Amino acid sequence: MKKFRNKIILILLLSFTLTSCNKEENITSGKLIMEESDYSYLQEYYNLDLEERTTLDVKEINKTFETIFGEEAIKIEGNYSPDKLIEASIKNAQYDELALTYNKDKIKEKLKNDYKIDVNSSKENYLVCAMDLGIVNNEVVKKIYKENKLSTDNFAYIITRVLNSTGVGRNYIGSIYDTDIGAKINNTWESFLLFSDEKLEEVGYKAVKNGTVTGYNLKSSENNSNFIKDKTIVYGHSDIKHAHQLVGLLRSEGIQARIQLEPKISVYKYLLEWGPVPEATPTYEVVQDGEDYFVHAVEYDLAIEFLSNEEMEKFNNIIGKYAKKNEGNEEGKGLLYESWWQPLYSTTNGKMNKEEYVEIVDNIVKNGIYEIHSFSTVENKEKVKAELTENNDFEIEQRTIYCNKAFYSYLIGEDYQ
């Protein structure tokens, strides 16, 4: 166990916040419209029910700033004005000094030629800076400078992009339609560095070896996507070429989504019906322990946040058709590279088709920024909880999720198909 850990355990050195703020165009331009998720995001991560109102006054705006940025948040003083909103947004995003570098010539050039917009503003340096950063776009600027009150739609748009610009919002590498998404996937994968948490690994491996669980993943919370959970499917795999092809497949199917690549160390039971034990590589090894075989592998979770529930519901059929091996097609002809017999993907969304997804439990044990995730059936969750917390001071979070049927079959030891 320790020998293999020293060979392949990894983590991201940096938190990948390559969050492009200007993802507002339609899919034909290679970018992504995601505005309708702003309310859901603010509700999930900050408990802000902005959607219940149509407009906001200064008190409500300032309360929102404080909820997100704390007591030190920059607030609007006096009556509301679009200029005050933009200035406070830039300062809360910590770009105040940047805004002050904008001189009159630069401002005039950008407003006239780049953005082709003419509004009555006495804080044009903050306005242009906000447009350059993607905190506002032309449409939003025209609306907020035209209206006497701030609509919740426009404020949700602005505050979400303030979060993105600071790196504390969504943590993702790009969207499926980014023209450079392949390079982003590679850069992220190649940036993984070694890490381990011996205490957590001992807890996880003991549970796998005892047969209490079929496997576990060691992850770092610093790499979490911070996506809207009920719009997200997390897809696990070990081969980065497969990730490239999966993203291309989703694009070819017209799916719009954000993606984040989250590294993990996976240890799980190897089933001999999958085929002969493969040769070891620097990132994959099957280790025999008594009569059982266990995979130790560097893998990833591809977190996929969908634009709509309708597109999210298409995912299972797409994988079943193009990325899952079945009896009679052992070679995987017509499938993505390194497609698995039992793909692994899950979501917290309990409204998914019950014919396609089965309720299970993600048992999460944390130690600082590191955490192990181990899946179990609902019926076995108390047994797993007892195993993972035996003779240690760790607490466990048991999160309800819904996985694809093929993985559920693996989880309960049934037909490998």
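The values are calculated or read from the model by the stated rules, or taken from the named source; none is laboratory data. Owing to the predicted nature of the structure, the values given are computational and were not obtained by experimental measurement. No Cβ is skipped: glycine too gets one built from the backbone with ideal geometry, and neighbour counts run over all protein chains shown.
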Residue satisfying condition, being at pLDDT 95 or above, not β-branched (Val, Ile, Thr) and not in a strand (DSSP E or B), within set Ser196, Ser225:
Ser225
Of the conditions (1) touching a residue at least 60 places away in the same chain (Cβ under 8 Å); (2) on the phi < 0 side of the Ramachandran plot; (3) not basic (Lys, Arg), Glu338 fails just one. Which one is it?
(2)
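State yes or no: is Ile233 among the β-branched types (Val, Ile, Thr), in contact with a helix residue (DSSP H, G or I) (Cβ under 7 Å, 6 or more places away or on another chain), within 26 Å of Gly413 (Cβ to Cβ) and in the same structural domain as Met352 (by TED's automatic domain parsing)?
Details: among the β-branched types (Val, Ile, Thr): yes; in contact with a helix residue (DSSP H, G or I) (Cβ under 7 Å, 6 or more places away or on another chain): yes; within 26 Å of Gly413 (Cβ to Cβ): yes; in the same structural domain as Met352 (by TED's automatic domain parsing): yes.
Yes; evaluated as a whole, the condition is true for this residue.
Can you pull out every residue in segment 228-253 that is over 21 Å from Ser339 (Cβ atoms) and not in a helix (DSSP H, G or I)?
Ile228, Thr232
Let me confirm something: among Glu60, Glu44, Glu51, Glu97, which residue is within 15 Å of Leu163 (Cα to Cα) and in a helix (DSSP H, G or I)? Give the derivation first.
On the way: Glu60 fails: within 15 Å of Leu163 (Cα to Cα); Glu51 fails: within 15 Å of Leu163 (Cα to Cα); Glu97 fails: within 15 Å of Leu163 (Cα to Cα).
Within the list Glu60, Glu44, Glu51, Glu97, the selection yields Glu44.
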So Asn92, is it touching a residue at least 60 places away in the same chain (Cβ under 8 Å) and out of contact with any Leu (no Cβ under 9 Å at 6 or more places or on another chain):
yes
Mind counting the residues in segment 127-142 that are touching a residue at least 24 places away in the same chain (Cβ under 8 Å) and either outside the structural domain of Asp57 (by TED's automatic domain parsing) or charged (D, E, K, R) (or both)?
1
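Quick one: which of Lys321, Lys269 is modelled with pLDDT of 95 or more and assigned by TED's automatic domain parsing to the domain that holds Leu388?
The match here is Lys321.
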Would you confirm, using the coordinates I've provided, whether Asp118 is surrounded by fewer than 18 Cβ atoms within 10 Å (Cβ to Cβ), at pLDDT 95 or above and either outside the structural domain of Phe306 (by TED's automatic domain parsing) or assigned to a helix (DSSP H, G or I) (or both)?
no
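Suppose the filter is surrounded by fewer than 20 Cβ atoms within 10 Å (Cβ to Cβ) and either in a helix (DSSP H, G or I) or not assigned by TED's automatic domain parsing to the domain that holds Ser252 (or both); does Tyr145 pass it? Before you say what the answer is, go through the steps one by one.
On the way: surrounded by fewer than 20 Cβ atoms within 10 Å (Cβ to Cβ): yes; either in a helix (DSSP H, G or I) or not assigned by TED's automatic domain parsing to the domain that holds Ser252 (or both): yes.
Against the criterion (surrounded by fewer than 20 Cβ atoms within 10 Å (Cβ to Cβ) and either in a helix (DSSP H, G or I) or not assigned by TED's automatic domain parsing to the domain that holds Ser252 (or both)), Tyr145 qualifies.
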Residue under question is Asn113, and the condition is that it be surrounded by 18 or more Cβ atoms within 10 Å (Cβ to Cβ), free of Cβ contacts under 8 Å to residues at least 40 places away in the same chain and part of a helix (DSSP H, G or I); does it hold?
no
